[in-house]
Amino acid sequence: MPYAIDVPRMPSLPIIGSPARFPLRRIFCIGRNYADHAREMGAPVEKDTPLFFCKPADAVVTDGADVPYPQATADLHHEVEMVVALGAGGRDLTPEAAGELVWGYGVGLDLTRRDLQAQAKAKSHPWDVAKAFDHSAPVSALVPRAQATLDDATVLQLSVNGELRQQTTLGDMVHSVPEIIATLSRLFALKAGDLIFTGTPAGVAALHRGDRFHAELVGVATLDGRIS
Ligand code: MN
């Protein structure tokens, strides 16, 4: 059966050490998953009610492409985050079962139009315009789980123009990866191809045209790019 318009391109991520690509279905994000970042935003950490939002899959920027400075903002912020890719799905999972869905890991930026987010918060509006805009999700190549060595001491960090802006260890996450996936699975039926941004530590700040960023999940994945 023909489609009435051209079929949109399937968003996908490269995979380290493989010519295959990882096709993307949905992008889920958790907010306030590092206490020091919640504090810098003046927000409480609510262990029992994690904050989730989504980005469209076609917001990813991959393969080292420039990130165009977005429209409608004068305060584009970086949030460096570990990214988890799911290779299988499920609903209403235990954390033990949820952890088994992980296909691989990467590092990404949850780019945020901070001025629009402040307006949304003030008006109790949703965060879509602050978070789900075009090109709002630069992500590295993925590393399959079997080839990734990471634990609570693994360092997540971001430099901009050679200056360290954000740095933490994964042990500082409020909700662990299995907990995040299990909680999401009680809200949505998760499927293979889903991507999860797992939260950012303190140090979020502005990006400007011409800035070069270097994000790293040390020993696992790196992401280099430029705001154009
Ligand atoms: Mn974030």
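Run down 98, 118 and say which single residue is more than 13 Å from the ligand (Cβ to nearest atom), part of a helix (DSSP H, G or I) and crowded, with 17+ Cβ neighbours inside 10 Å.
Answer to the check: 98.
No other residue among 21, 25 is open to solvent by 50 Å² or more (accessible area, probe 1.4 Å) and closer than 30 Å to residue 206 by Cα apart from 25.
Can you tell me which of (1) surrounded by 16 or more Cβ atoms within 10 Å (Cβ to Cβ); (2) closer than 25 Å to residue 207 by Cβ is the one residue 43 doesn't meet? Failing condition for residue 43: (1). Of the listed requirements (1) over 21 Å from residue 222 (Cβ atoms); (2) within 14 Å of the ligand (Cβ to nearest atom), residue 110 misses just one: (1).
Exactly one residue among 57, 72, 35 is within 15 Å of the ligand (Cβ to nearest atom) and of a type outside the set (Lys, Arg), and that residue is 35.
Residue 48 meets each of the listed conditions (1) among the charged types (D, E, K, R); (2) under 18 Å from the mean Cα position of the chain (by Cα); (3) surrounded by fewer than 19 Cβ atoms within 10 Å (Cβ to Cβ) apart from (2). Residue 104 passes every criterion in (1) of a type in the set (Gly, Ala, Ser); (2) assigned to a strand (DSSP E or B); (3) open to solvent by 40 Å² or more (accessible area, probe 1.4 Å) apart from (3). Residues in region 65-93 that are open to solvent by less than 50 Å² (accessible area, probe 1.4 Å), in contact with an Asp or Glu (Cβ under 7 Å, 6 or more places away or on another chain) and more than 27 Å from residue 184 (Cβ to Cβ): 73, 75. The strands (runs of 3 or more DSSP E) found entirely in region 1-82 that carry 3 or more residues being in contact (Cβ under 8 Å) with a residue 60 or more places away in the chain and more than 16 Å from residue 142 (Cα to Cα) are 27-31, 51-55, 76-78.
For region 39-90, a residue qualifies if it is touching a strand residue (DSSP E or B) at 6+ places or on another chain (Cβ under 9 Å) and basic (Lys, Arg), and exactly one does: 55.
Look at residue 145 and say whether it is of a type in the set (D, E, K, R) and within 17 Å of residue 202 (Cβ to Cβ). When the stated conditions are applied, residue 145 does not pass them.
The values are calculated or read from the model by the stated rules, or taken from the named source; none is laboratory data. Keep in mind it's a predicted model, so treat the numbers as computed, not measured. Cβ atoms come from the backbone with ideal geometry, glycine included; neighbour counts cover every protein chain shown. Surface areas here come from the heavy atoms of the whole protein model, side chains and all, with no ligands, DNA or RNA. Shrake-Rupley method; radii C 1.70, N 1.55, O 1.52, S 1.80 Å.
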